[in-house]
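This report concerns only the one structure given below.
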Amino acid sequence: MEMVDNRLCIGQAELQGIVSAATLRKMIQRKTVEKVQRACYGKKAMYSVDSLPQQYRAEVYRRYPDLQERAESKPFVEAVEPDWKAVQYFGDYVLADGRHLPTQKQMEYSNNCAILEMMGRMLERANSHRMRQSKARVNVGEYWERAAASLPRLMDMWPNSLPQNARRLRMKWEEYQKLGYECMISGKYQNRNAAKVTDEEQEAMLSTILSHHNNLSDVRVAEYYNHIARCLGWKEITPAAVGVWRKKMDIVTSAGRLGVSNFRNHKTMQVKRRRPSAPFLMWSLDGWTVELLYQSTKQTKRGNVTTYSNRLTMVVVLDPCINYPIGYAVGTQECPELIRAALRNAAVHSRELTGEMLRAVQIQSDRYAIKTMMPLYGVMGEHVTPARVHNAKDKPVEAYFNYLNTTYCNRANNWSGYGVTTDPRKQPNSEALNKMRHSFPDEEGVRRQIDEMMRLERMAKAETLMMMMEHLPAERRLPLSKEQYLLYFGAETGYRNALEGCGLRPTIMGVRRDYDCFDVTFRDHATERWTVRYDPDDLSEVLAVNEDGTLRYMMEQKYVQPMALADRKPGDAEQLARVRQYNVALEERTAQKMASNYAIAQEVIRGCPALRGSVEERLLITDSRGQHKDQRNSKRMVQADAVEVPVIQQGEAAADGMEYNDYDIF
């Protein structure tokens, strides 16, 4: 580098790594860079440093500190101090659309203010010094020339966007003195004069078109908007502008374009939850179409037709503490009966694990057949919390289905893949499946596949589940009574039975069986006909329910006593004594009821004198001659001649020694 004609110049060798030779030639052709000295014998081409673009000039000053010194800008560099008020102002500044300034712009604007503050202080200090020496003020033009010349060197330590023209730099400083920090903010953040969608009506119209359920493209939205704009005298917009507005209005238009469920799942705030701390605190259940294909042959008018795209549905009752399938049932489609079967399996399996049937503290389900299933959910769980419609994130069982699909199902040759919305490149080869379709299992074969899958899943997690049972509080251990189990899950005989001397005798699984109830009130309803509900796995007890469901009695299978004493075995005596005790209690209860009714009837008769008349007056019983009135009248005549006698109370002896009783009138 050297001075040429009192101008600081740099050669191409020094510019290597800063700007390429091709770029330098283009800038010279466009007269962006000034060539001060042409290359000739003994001389090399020199270019004015001041004419280089700002980014190249800053790099030159950074690489060659000696050049910075010759630029006579050292006093300006050393005088700059951070303006923390400006930093705070631009950091807190909020634009009209609710955004903050970009971080880079905040630093740039803060540096601009710090540099202008420095230049104002230096100018004021120089004038004050000269006035004390009775000298003329500083030449303002020369000062701003030197200040503008110092900006490239300041760029390295204080990145800024101040104009490097002296006159414009002075104008910016004067504007800063009047308006303060606000003058630094670019018009592209504040000025809406160039915007074509400016007022509330235009934004509302554009938002309405963007919200259309057809999810229109940017080109189609611009077409519809411009048609309205021409009618109303608005400015027309381009598809690119629609793309910008689509991003701005995404939160407003997404519900209309993509649906409320998508809006709730992707735009609204999501709740983060943790797993239950112990088993049986919560069950989550739902149905899933198992991604395993099977072949099925049906008879049609054209003959037998075999289809290979059939799938079964499985309802899973999941304990999310460790994602343990506490219950499941497989069917052709989801229905209340399949859900009931899955909950029944959950109750039976809980007995296999813990020795007694348990129900959950909380049951979470979807809203399928919620009115029909709510009574059953209320029995199997203390609290029922249906998930919101179309909210798969709320149910842990939904994620569990994906786990089953990727862990077990995709190992089988009859795997159908993932859901229909999955990327086709991640789905199984449909051509291979079509060639293998004849080897697909039938429905029973797929059921065995599912049963094996759930058996392996339970076997892998059962030990951990039982260890976690220690964390289940005693008050949260909710047993499921046999009566509730049979009422909701028991099978029926299809007939109603009447009470006989030996109890109820329903025909279950083709065998007539005897059952009786040790509840003394059961025989009060001898006229009822009973529906018998039973558990095929345990026929020792059944539930008898009357026709309208208002009466329910648990009944035990009749104990068969041997006739011969020699055939008696341990336990026979206890069962016989139990029956006798029941009969004694039944007789005592019946006697007490009769005595109570007798006392009430006495009070009724004693309170009504008309009921104490002769039998002849109340009953039309004739004598041997067929006469009734003669006998009645003769009684009246005798009573008219009789002497009045004192009234004898119940239980007192009469004059003839006989005890008086109100019931003698009968």
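The values are calculated or read from the model by the stated rules, or taken from the named source; none is laboratory data. Predicted model, so just to flag it, every value in this text is computed and none were measured. No Cβ is skipped: glycine too gets one built from the backbone with ideal geometry, and neighbour counts run over all protein chains shown. These accessible areas exclude ligands, DNA and RNA; they are computed on the full protein's heavy atoms, side chains included. Shrake-Rupley method; radii C 1.70, N 1.55, O 1.52, S 1.80 Å.
Within the range 83-108, residues that are free of Cβ contacts under 8 Å to residues at least 40 places away in the same chain and over 17 Å from residue 248 (Cβ atoms) sit with their Cβ atoms under 7 Å from residues that are open to solvent by 30 Å² or more (accessible area, probe 1.4 Å) and part of a helix (DSSP H, G or I), at 6+ positions apart or across chains, in these pairs: 83/117; 91/106.
Yes or no, residue by residue, for (1) assigned to a loop (DSSP other than H, G, I, E, B); (2) at pLDDT 90 or above; (3) closer than 13 Å to residue 487 by Cα:
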| residue | (1), (2), (3) |
| --- | --- |
| 533 | no, yes, yes |
| 553 | no, yes, yes |
| 560 | yes, no, no |
| 566 | no, no, no |
| 570 | yes, yes, no |
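Here residue 297 fits the description: open to solvent by 50 Å² or more (accessible area, probe 1.4 Å), of a type in the set (Val, Ile, Thr) and more than 21 Å from the chain's Cα centre (by Cα).
Counting only helices (runs of 4 or more DSSP H) that fall entirely inside the range 389-488 and contain at least 1 residues that are surrounded by 17 or more Cβ atoms within 10 Å (Cβ to Cβ) and among the charged types (D, E, K, R), the qualifying elements are 396-407, 443-468. Restricted to the range 336-384, and to residues there that are open to solvent by less than 40 Å² (accessible area, probe 1.4 Å), among the β-branched types (Val, Ile, Thr) and in contact (Cβ under 8 Å) with a residue 24 or more places away in the chain, the residue that is nearest to residue 289 (Cα to Cα) is 339.
Has the range 8-18 got any residue that is at pLDDT below 85, under 26 Å from residue 122 (Cα atoms) and either in contact with a His (Cβ under 8 Å, 6 or more places away or on another chain) or not polar (S, T, N, Q) (or both)? The answer is yes; a qualifying residue exists. Residues that are in contact with an Asp or Glu (Cβ under 9 Å, 6 or more places away or on another chain) and either closer than 27 Å to residue 52 by Cα or open to solvent by 50 Å² or more (accessible area, probe 1.4 Å) (or both) occur at least once in the range 91-100.
Counting just the residues of the range 497-517 that are open to solvent by 30 Å² or more (accessible area, probe 1.4 Å) and in contact with an Asp or Glu (Cβ under 7 Å, 6 or more places away or on another chain), which one comes out farthest from residue 580 (Cα to Cα)? It comes out as 505. For the range 480-496, the criterion of being in contact with a strand residue (DSSP E or B) (Cβ under 8 Å, 6 or more places away or on another chain), farther than 22 Å from residue 578 by Cβ and free of Cβ contacts under 8 Å to residues at least 40 places away in the same chain is satisfied by at least one residue. Helices (runs of 4 or more DSSP H) fully within the range 56-128 that include at least 2 residues being modelled with pLDDT under 85: 65-70, 74-79.
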